[in-house]
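Q: Would you mind keeping the following structure in view while I ask a few things?
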Amino acid sequence: MKLSASFRCLGVLAFAFAQASPAQVPVELELVLWSQNLGGAVDVTHCGDDRLFVLRQWGAITIVVDSMVNLSPAFLDITPQVLYNGERGMLGLAFDPDYANNGFFYVSYVASVGTYGTSRLSRFSRHASNPNLADPLSEVVLLSFPQPDPIHQGGGLVFGNDGYLYAAFGDGGGPADPNNTGQDPMDFFGCIIRIKPEPDSTYSIPPDNPFVGSPNGERKEIWAYGLRNPFRIGIDALTGDLWIGDVGQQLWEEIDRMDAGDNSGRNFGWSCYEGFIAFDTLHCIDGAVTTDPIVVQPHSINGGNFCAIIAGEVYRGSQWPRMQGRFFYTDYCTGGLRSLVSDGQGGWIDHPGADVPFPGMSSIGTNNVGELFATNVSFGRVYKIKDKCPMDPPAVLPDGNNLTSSVIGASYIWFLEGDTLQGETQEATYAFVSGNYSVEVTFSNGCKKTSTPYFHLSTSIADASNGVVKVYPQPASASITVETIPTVGRIIMLDITGRVVLRDRTRALQRATLDVSALREGPYILELRNASGDVLGRRACIIAR
């Protein structure tokens with residue numbers, strides 16, 4: 001490394017690197033228990049006010065009015081008509097955008113009709129005089145069809161920003177069509193439909209649905225197809241984008257996404273593809289255009305710990321600013337709680353958020369102000385999702401060669417070029433050499449935050465000891481001579497990581513010459529100590545050839 005003369009001029013120049021994009025920084029999450037004793041909890045949503053409505057798979061809906069406060073009796077209980085077993089039951093809940101006035105809400109469930117049950121999309125009404133009760137006799141069935149098998153029932157149900165109702169149905173798990181491919185838009189299996197509920201208890205087809213006007217017989221309700229088991233779907237409250245969690249078969253779980261207003265009738269590929277990988281192409285149409293997922297997660301057989309992906313909401317609340325705009329999802333097994341954020345170039349960054357070491361996560365929903373809640377069906381619980389570490393990260397504040405953390409924490413670790421500076425565990429450190437400095441602060445709650453790198457460029461060789469007479473030559477090549485005051489009895493040379501590379505004692509006239517010919521080029525630190533080993537000061541030096 002060659003040093004110019006200007007590098008050795010007097011003075012100090014320092015500047016900070018640009019802040020890292022927020023998209024590059026994961027958000028550490030925390031699940032806070034919000035309510036319990038809610039056996040069968042598979043979905044959570046709101047009706048426009050501050051109550052939470054928890055869907056229970058066996059056929060009931062319970063209102064949670066505050067943390068740990070569940071209302072009884074249930075808001076709705078239609079248990080006798082619900083086929084509750086395995087993947088069947090009451091699976092989706094959505095409130096009409098005008099619920100405050102019309103009192104309508106919609107449920108997707110498997111009714112106890114037929115050999116394997118019948119999927120129903122039904123409308124119910126609020127009780128005429130009690131806002132915490134629904135009328136179980138008010139059911140109007142908008143749509144129904146028999147199931148061919150006990151699995152893959154889908155269930156996701158949500159109103160879009162466009163006012164239309166989106167409902168997700170699985171591929172049936174058995175002979176839903178001749179080849180069980182999910183590739184047949186002539187039926188409702190393996191698809192998401194988009195309809196407009198009408199006041200007269202029917203529904204109409206939005207005129208911009210993709211198969212409106214097609215002469216080929218596709219169901220005009222269908223918005224997207226080629227899905228295996230879209231158990232949970234979500235709509236971004238700000239943009240209207242549609243997010244789909246499609247449960248996988250053998251190797252991969254996937255998250256799919258559609259931009260708001262995309263009426264192209266997207267085919268997400270099942271069962272021609274599972275994730276990005278070809279699965280069963282025997283009955284696939286040559287040249288068929290399919291849409292890849294935006295992220296996949298592997299099963300244990302494939303090196304991961306996912307088994308049934310659970311979508312998912314985009315955070316649009318205000319309590320946790322660092323969560324803003326991220327899509328959050330989880331897994332029924334132990335895949336944890338994760339988030340997706342745009343990389344600004346058309347791709348997505350997938351971040352871990354929190355470990356979930358127990359099974360049974362079944363949905364993520366929001367309250368009326370956009371805060372996130374999750375249900376667990378195995379333990380009958382509702383959790384609030386929060387930013388575990390909402391405090392701002394530290395910044396490195398320079399004062400000459402002294403660098404200080406901008407925030408006060410319980411402990412500190414300083415780094416130079418990413419390497420730990422041994423012994424530098426205080427709020428401030430001394431910058432002996434030029435380079436990228438950063439500080440990690442641990443707060444009292446255990447959260448750790450690290451500053452972005454701060455590049456400190458020193459154009460002088462600072463004298464931290466206020467007593468060194470001379471260090472020469474600088475830069476050095478084969479040797480360095482140090483002339484010191486009498487109280488300095490020992491000189492230790494360290495590299496920038498704090499590792500000792502040379503030791504020497506001063507001699508007559510307090511002069512020492514250190515052989516540095518075997519050391520690599522770069523910055524080093526001379527540590528000056530007295531005979532008792534106390535540090536009197538430090539001095540930067542450079543080896544260059």
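Here, each number is a calculation from the coordinates, and none is a lab measurement. Since the model is a prediction, treat every value here as computed from it, not as a measurement. FYI the Cβ positions are ideal-geometry reconstructions off the backbone, even for glycines, and counts take in every protein chain you see.
Q: Normalise the Debye intensity by I(0) for the chain, one equal point scatterer per Cα, no solvent, then take log10 at q = 0.09 Å⁻¹ and round to two decimals.
A: At q = 0.09 Å⁻¹ the computed log10 ratios are -0.72.
Q: Cα-based Rg (one decimal) and Dmax (whole number) for region 470-543, in Å?
A: 11.3, 31
Q: Enter the Cα centre distance for the pair region 132-175 and region 81-120, rounded to the nearest angstrom.
A: Comparing the Cα centres of region 132-175 and region 81-120, I get a distance of 6 Å.
Q: Please give the calculated 222 nm ellipticity per residue for the chain, where each DSSP H segment of at least 4 residues contributes -39500 (n - 2.57) and the sum is spread over every residue; nearest 500 deg cm²/dmol?
A: Computed mean residue ellipticity for the chain: 0 deg cm²/dmol.
Q: Okay, next question. If you rank Arg123, Arg338 by fewest surrounding Cβ atoms within 10 Å, what's the result?
A: By the 10 Å Cβ count, ascending: Arg123, Arg338.
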